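The values are calculated or read from the model by the stated rules, or taken from the named source; none is laboratory data. Just so you know, these numbers come straight off a predicted model, no measurement behind them. Methodologically, a virtual Cβ is constructed for each residue, glycine included, from the backbone with ideal geometry; neighbour enumeration extends over all protein chains shown. Ligands, DNA and RNA are excluded from the accessible area calculation, which covers all protein heavy atoms including side chains. Shrake-Rupley method; radii C 1.70, N 1.55, O 1.52, S 1.80 Å.
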Amino acid sequence: VFFFFKQKTAYEISACLVGSEMCIRDRYMGKASFFVISILILANCYDDEHIVTKEEIAKEVDSLIITYGSNVRLQNQNTKYYLHSHEIRWGSGSTQQSVTAMKDNSDYNGLWTIKEGEDIPPKIYSDLVQCGDIVRLEHILTKKNLHSHDEVAPLSGKSEVSCFGDNGSGDEGDDWVIECQNQAKGSTLKGQTEFSLRHKITNRYLSTSRDFEFNVRNCGNCPILGQLEVSADYYASTSTLWKIHSGLFYRVKQDDSDMKDEF
C-alpha cells in the first residue's frame, strides 16, 4: 500500500513508516527539495486526515516523470508478477545470485535503483530517464546489478538473468536499453509507460512467464517455490513488457508553484 507525504519532518514521516521500506542513495540526493512516495506495509497511515486510496496511488504513480536514482518496483504486464532477487544462488549455470518474478508486491527484495549504464557519466536525481537510455538496475538490498549473459536459464532454456557485481559495480553485462511502447526514443519515461528492457550485449529481452514456474517437480524443496523464472528472450512480446508499479521517487522543485499542495 502506498501513501504520499508533502514536506513532513523526518519525525513525522518515520512515525508513519512503521513496518515500511525506504531507501535513498546518497549520490542522488543533492540539495534540492523533493517529496517521496514511500512503500508501506501498513494500511493505517494518513496525511491531513485523508486516507489515500489505491486508485489515487495508481493515478499519481502513472503521472510521475521518472528520474535517475528512483527506487522502483517493476511489474510484468503479462503475469502481473514483480521483478525480484535475493541472496540465493542458482544451483546451475553461472551460480550467480538468482532473479525471479514474485507475486508479492510488499517484499523488500523487489526494489531496484535506476542508474546510468556502465561507462556512462554519472547521473543525478534531477536527470530524467528517457526511452532509449542505457541503464543499470541495482538491487537495493544486495547491491548487485541486474545482469544477463549466454548461460542457459534452468527452466526455459533461454538466456539466464542473474544479479552480478559488488556494491553496485559490475560490468557491461549489466546494461539494459529501455524500449518504450507507444513512445518515441528520447521521450521521457513516465510511471504509466510500458516498456521492454533489451540487454545491450545479447540483444535479448527481460522476460517472465507463468509457463516457467518453480515447483516441486522441477525445483524440489528449493526456496523459490511458486516464483517464476526470469530470463532473457530472443524476441519482444507481451511477456517482455514491464511497468513501474510503485517505489520511491524524486520530484525536483522547479519553483514554489510547482510543489503539490494536496498531499
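Laid out as a table, the results:
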item: Condition check for Glu172: more than 23 Å from Gly247 (Cα to Cα), open to solvent by less than 20 Å² (accessible area, probe 1.4 Å), modelled with pLDDT of 95 or more and not polar (S, T, N, Q); result: no
item: Filtered residues of region 58-82 (kept if open to solvent by 10 Å² or more (accessible area, probe 1.4 Å) and either at pLDDT 95 or above or assigned to a helix (DSSP H, G or I) (or both)); result: Ala58, Lys59, Glu60, Asp62, Ser63, Gln75, Gln77, Asn78, Lys80, Tyr81, Tyr82
item: Asp211 vs. criteria open to solvent by less than 30 Å² (accessible area, probe 1.4 Å) and at pLDDT 95 or above; result: no
item: Close pairs from region 83-109: first within 14 Å of Val161 (Cβ to Cβ) and free of Cβ contacts under 8 Å to residues at least 24 places away in the same chain, partner of a type outside the set (Asp, Glu) and assigned to a loop (DSSP other than H, G, I, E, B), Cβ under 9 Å, at least 6 apart; result: Arg89/Thr95; Arg89/Gln96
item: Residue count for region 85-121, restricted to those that are in a loop (DSSP other than H, G, I, E, B), of a type in the set (A, V, I, L, M) and open to solvent by less than 40 Å² (accessible area, probe 1.4 Å); result: 1
item: Breaking point among (1) among the hydrophobic types (A, V, I, L, M, F, W, C); (2) within 15 Å of the chain's Cα centre (by Cα); (3) modelled with pLDDT under 95, for Ile178; result: (3)
